[in-house]
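Notes follow once the structure below has been shown.
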């Protein structure tokens, strides 16, 4: 039986939800960022270890729903090994895609396309956004010279 | 009672309700709506209740036949509108145990009622070193104003803890409510745990120390008989929209001598006696607290909601909800691993039932149930400190009211079983 839910809870998403990537906590993170979804209380902790301007290791720990956990897991998979600039560009692209803008996503973004189905469920878009917004906030703070985010990132309410 | 023989539980006992739920359902037009091709099963009344035809008609009837500004106009319609508005005040006074109508102040809702007290009574009566007592199960509406006020006044915020069963733990209450306590502000019924709190006992202990007692009745007033005199509350606040009435209307009950001692909240028209450029005197209570043109139409329509509830009888409503809550808890318990928050005994709680699944997040539960036409609430329910105590990020909450029956609970259970299959849990 096929139903609208299947567009959101794709097999790929459920796979990421059941076995999220990036679970391993890092010993020497260069960037630490915390995300928080005030609408539902979901919490996310992100750590990044840099090597020569590249995101060498990433840890994502999300206490949230299937969508926010899967989205964070995909982020960990996609972003690992990318230069800072590229990581930011991808995060901005994914954010735009989730907010309904027509964007061309590069081919090498793994399973990310599976998140498109979330857009049919407007109240759930912020779940998918949580990890990406947390990453952008972490990168912003790193560039400003702060190792750790001072206040937790939140997802944008207008989604 | 209508029953659905297809998915009846082998264990749970049939609900014997004193109410004719089929007839009640027919009074609520929205319940005829289809949601995602399913019959609407509305289990989110703790957030807001649905409205019967009589309340919906009362709003339009007001605009069609009575509309005018109240209290000051000297013409036919102004008198009609004023009479209708004041009739609701009298009905509210009766509904909460027969108080003086001048002790009933209309607000925008429970939140505004609490803020009014924080900005007027508390602003003038709480000083450095004083203590405000709340509980660990408060809604943000009865928490944030006190956190902010305590910081501003350098007062201490103390809290009554909860037991693992979701009751207030009164074993050390004498150390919490002391001679330093100026205000005890406590919810009558928890919007997360469903717990009904012993407000009479708390009021007695508070008064012994000379403290003032505020009871948040947002969740209790729609579901049970409230007698503010018997519980000896100094303030009691609640909202129309959770008890069949329109949104935008709330009630603040306050003992007259306390209301009279308080400065006004909003300044403007209606709340004054005499205005000069150098001096203003205040109107009498309750008008002192009702500056500007209120939400007249919705206050008037609130009367229809109170009539509806009184016709059913608050005691019979309570009896119905005890029976249905028992059935719902029994049936939810059939789902292995499902964790139900709060007291398990329906006599000690209301029909807001929070639960969590070991693997499926409340958001995913709510999205899945929605595709089956079932409306529940998922999240922290504006009680983040309580969520932290419970060790949960969020819970799913199904809440029951007069238009819910066994078939609604059965629909919920069936959908939850289907959901577990869907998520492979």
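Derivation of every value follows stated rules applied to the coordinates shown; laboratory data play no part. Just so it is clear, the structure is predicted and the values come from calculations on it, not from any experiment. Heads up, the Cβs are rebuilt from the backbone with ideal geometry, glycines too, and the neighbour counts pull from every protein chain shown.
Simple spin-label estimate for residue B:48 and residue B:157 gives 2.7 nm between the two label positions (7 Å along the Cα-to-Cβ direction from each Cα). Kindly provide log₁₀ I(q)/I(0) values, in the same order as q = 0.07, 0.11 Å⁻¹, from the Debye equation applied to equal alpha-carbon scatterers of the protein assembly as shown. Calculated log10 I(q)/I(0) at the listed q: -0.50, -1.11.
Work out, in µm²/s and without decimals, the Stokes-Einstein translational diffusion coefficient of region B:211-311 at 20 °C, 1.002 mPa s, Rh from Kirkwood over C-alpha pairs. D = 142 µm²/s.
Between residue B:171 and residue A:144, the simple spin-label model (points 7 angstrom out along Cα→Cβ) gives 4.7 nm. Taking the longest Cα principal axis of chain B as reference, the axis of helix B:406-422 is set at about 60 degrees. Across chain A, the mean sequence separation of Cα contacts (distance under 8 Å, 6 or more residues apart), normalised by length, yields a relative contact order of 29 percent. Kirkwood-type hydrodynamic radius, region A:3-153: 15.2 Å, calculated from all non-identical alpha-carbon pairs. With all pairs of different alpha carbon atoms counted, what Kirkwood hydrodynamic radius in Å does region B:56-154 show? One over the average 1/r among Cα pairs gives 16.5 Å for region B:56-154. On the basis of the beta-carbon distance and an R0 of 56 Å, residue B:284 and residue A:116 show a calculated FRET efficiency of 0.35. Rg and Dmax of region B:294-425, based on Cα coordinates, read 16.6, 52 Å. If you take the alpha carbon atoms of region A:68-130 and fit the smallest convex hull around them, that volume is 75 Å³ per residue. Using a cutoff of 8 angstrom between alpha carbon atoms and counting only pairs six or more residues apart, the relative contact order for region B:66-310 works out to 22 percent. Put in order of Cβ neighbour count within 10 Å, fewest first, the listed residues B:321, B:90 become B:90, B:321. Need one number: the % of Cα-Cα pairs in chain B sitting beyond the 40 Å mark. In whole percent, the share of Cα-Cα pairs in chain B beyond 40 Å is 20.
Would you mind checking the tilt of helix A:66-79 against the longest principal axis of the Cα atoms of chain A, expressed as 0 to 90 degrees and rounded to 10? Long axis of A:66-79 versus the principal axis of chain A: about 50 degrees. What FRET efficiency comes out for the pair residue B:225/residue B:87, r = Cβ-Cβ distance, R0 = 22 Å, nearest 0.05? About 0.55, to the nearest 0.05. Relative to the longest principal axis of the Cα atoms of chain B, the long axis of helix B:296-312 lies at roughly 50 degrees. Panel order for B:22, B:357, by other beta carbons found within 10 Å of each beta carbon, from fewest to most: B:22, B:357. Computed from the C-beta positions of residue B:260 and residue B:79 and an R0 of 35 Å, the FRET efficiency is 0.80 to the nearest 0.05. Per-residue Cβ neighbour counts within 10 Å put B:349, A:18, B:420, B:276 in the sequence B:276, A:18, B:420, B:349, beginning with the fewest. Label positions at residue B:38 and residue A:85, each projected 7 Å from the Cα along the C-beta direction, are separated by 5.1 nm. Where both bridge residues fall in the protein assembly as shown, DSSP classifies roughly 65% of the beta bridges as antiparallel. Here is the P(r) of region A:1-92: all C-alpha pair distances, binned every 10 Å from 0, give 17, 44, 30, 8, 1 in whole percents. The spread of Cα positions in region B:66-310, taken along each principal axis and listed from longest to shortest, comes to 59, 48, 26 Å.
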